[in-house]
Amino acid sequence: MIRNVWTNMVIFCGHFPDGAEKFSEADVEDETRGQWYLRQMLGSANFEAGPVIEFMSGNLCYQIEHHLFPDLPSNRLREISVRVRALCEKYDPALHDRFAARSVPEVVAHHRQAGAAEQVPQGDRRRRTRDGVGT
């Protein structure tokens, strides 16, 4: 149970804090390689962590770098983050660095809002499809 909560918090802090953009399938259709890299930076977020949290998260506090270089061993993400930050400062895309303590409340609020919008009324337990029609 604790492992599941921990894993969810690490994943959600890297993907769903306020400011991280969400993209639809239409947004990524026919995107260029440069647009793909920009989407990786805008759609994920880093969170600051000390050495213990960094280790316990598998270095996934460097979520932007993980998305840009998914095949890079996780122990190299911190090293590459210096170069990614330098590029972001040069070209000014929104790089979402956040403290984990701040990201957690943002993630919880995001999921509460999403859950409230998706709630199935009592008595209507049909499975909801993508277009909102029950089956």
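The values are calculated or read from the model by the stated rules, or taken from the named source; none is laboratory data. Please read all numbers here as calculations on a predicted model, not as lab measurements. Virtual Cβ from ideal backbone geometry, glycine too; neighbours counted across all protein chains shown. The protein model used for the area step is the full one, side chains on, heavy atoms only, and it has no ligands, DNA or RNA in it. Shrake-Rupley method; radii C 1.70, N 1.55, O 1.52, S 1.80 Å.
One table, with the values for the structure above:
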| read-out | value |
| --- | --- |
| Identity of the residue in segment 11-20, touching a helix residue (DSSP H, G or I) at 6+ places or on another chain (Cβ under 6 Å) and assigned to a loop (DSSP other than H, G, I, E, B), that ends up least open to solvent (accessible area, probe 1.4 Å) | Pro17 |
| Filtered residues of segment 21-65 (kept if charged (D, E, K, R), open to solvent by less than 80 Å² (accessible area, probe 1.4 Å) and within 17 Å of the chain's Cα centre (by Cα)) | Arg39, Glu54, Glu65 |
| Pairs where the first residue, in segment 5-29, is closer than 15 Å to Asn59 by Cβ and the second is open to solvent by 60 Å² or more (accessible area, probe 1.4 Å), C-beta under 8 Å, 6+ apart | Trp6/Met56; Gly14/His66 |
